[in-house]
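Every number in this text was worked out from the coordinates using simple rules, so none of it is lab data. Everything numeric here is computed off the predicted structure, so don't read it as measured data. Cβ placement follows ideal geometry from the backbone for every residue including glycine, while neighbour counts extend to all protein chains displayed.
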Amino acid sequence: MRRPDWAPETIDIERPSAARMYDYYLGGSHNFAVDRAAAQAMISVVPESPLIAQANRAFLRRAVRFLVEAGVRQFLDIGSGIPTVGNVHEIAQGLAPESTVVYVDIDPVAVAHSRQILRGNHQAAAVQEDIRRPGRILDHPDVLKLIDFNQPVALMVVGVMHFVPDEDGPAELLDTLRAPLVPGSYLVLSAASGEGRPEQERSDAAEIYRRAGTPLAQRGRAAIAGFFDGYDLVEPGVVWVPEWRPDSPGSGEGAEGAIYIGGVGRLR
Ligand SMILES: C[S@@+](CC[C@H](N)C(=O)[O-])C[C@H]1O[C@@H](n2cnc3c(N)ncnc32)[C@H](O)[C@@H]1O
């Protein structure tokens, strides 16, 4: 199979990636046959997977708008994904041009494509790093250049923690990322949950992602809410993502099928 220009030499295009599967759910074009096959397998287990991804992405966009309105001008977006419609820098810099954004992702395609669309944007950068090595993220030269830790920061961990199993110490790594933040900073976090889903569906989904090399940690609402330790939750708290400050009244209804649970917390 021919390797397209946007695919770095280092990636294995015969193995699905969670980032490229998510790109496919969102209707993007940075995915290969192997990703589409894995995503289709997932769609046969959970037919509404594309809608679930769109709802999570819409939550992210609403949260960024909320944060800009709250005065935040710095965004550290970890597990940022392959760029899609309404990226963090587009929303934040569209509303407040001085905003700075650092995207961090483990996936080489996500980072390469982010760098491509950020060309000429001196207030945004993309870094390839693993959230399980938070110290390396905080010490990265691009993070130190664009993020002033004396000012509030929006730490965004949207749709990622279900790729961090308990044995990798998710609470500890979030503590490390919170440590340099000043009060008035925010955490935006959502994660795919297993809450209320049939056992068979959970195990089929787990198998699909295990084969992609990214095993799923499907947590319930209480565990996801626990990731906000140290933060005061912004209303309405930790909810199905469509219920988080929907754009129009009623548009968050029927949200319990959303799989993603998330919220926004303010550092006290
Ligand atoms: C479901 S997508 C979420 C993308 C975006 N944050 C959003 O919510 O629309 C998950 C992203 O997390 C990234 N990811 C998975 N494990 C990671 C890790 N250990 N460190 C950093 N990024 C990771 C994947 O590569 C993928 O781009």
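Pop out the Kirkwood hydrodynamic radius of the range 81-184 from its pairwise C-alpha distances, inverse of mean 1/r, in Å to one decimal. Evaluated on the range 81-184, it is 14.5 Å. Per residue of the chain, the DSSP helices (runs of n ≥ 4 H) give a summed -39500 (n - 2.57) that works out to -11000 deg cm²/dmol at 222 nm. Within the range 18-267, antiparallel bridges make up roughly 40 percent of the DSSP beta bridges whose residues both belong there. Charged side chains reduced to their Cβ positions (Lys and Arg at +1, Asp and Glu at -1) give the chain a dipole of some 440 debye around its Cα centre. Along the axis of the charge dipole computed for the range 18-267 (Cβ charges of +1 for Lys and Arg, -1 for Asp and Glu, origin at the Cα centre), the listed residues Ile91, Pro47, Ser190 are led at the positive end by Ile91. As a rough footprinting exposure proxy, the listed residues Phe149, Phe75 were ranked by other beta carbons within 10 Å of their own, and the order from fewest upward is Phe149, Phe75.
Charge dipole of the range 176-268 (Cα centre as origin; +1 on each Lys and Arg Cβ, -1 on each Asp and Glu Cβ, all else neutral): 420 debye, rounded to the nearest 20. So what does log10 I(q)/I(0) come out to for the chain at q = 0.11 Å⁻¹, using the Debye formula with one equal point on every Cα and no solvent? Each listed q corresponds, in turn, to -0.57.
At 0.36 nm per residue, minus the direct Cα-Cα distance, what do Asp247 and Arg136 gain on full extension? Give it in nm, one decimal, please. Residue separation times 0.36 nm, minus the Cα-Cα distance, leaves 36.3 nm. As a length-normalised measure over Cα pairs under 8 Å and 6 or more apart, the relative contact order of the range 18-267 settles at 19 percent.
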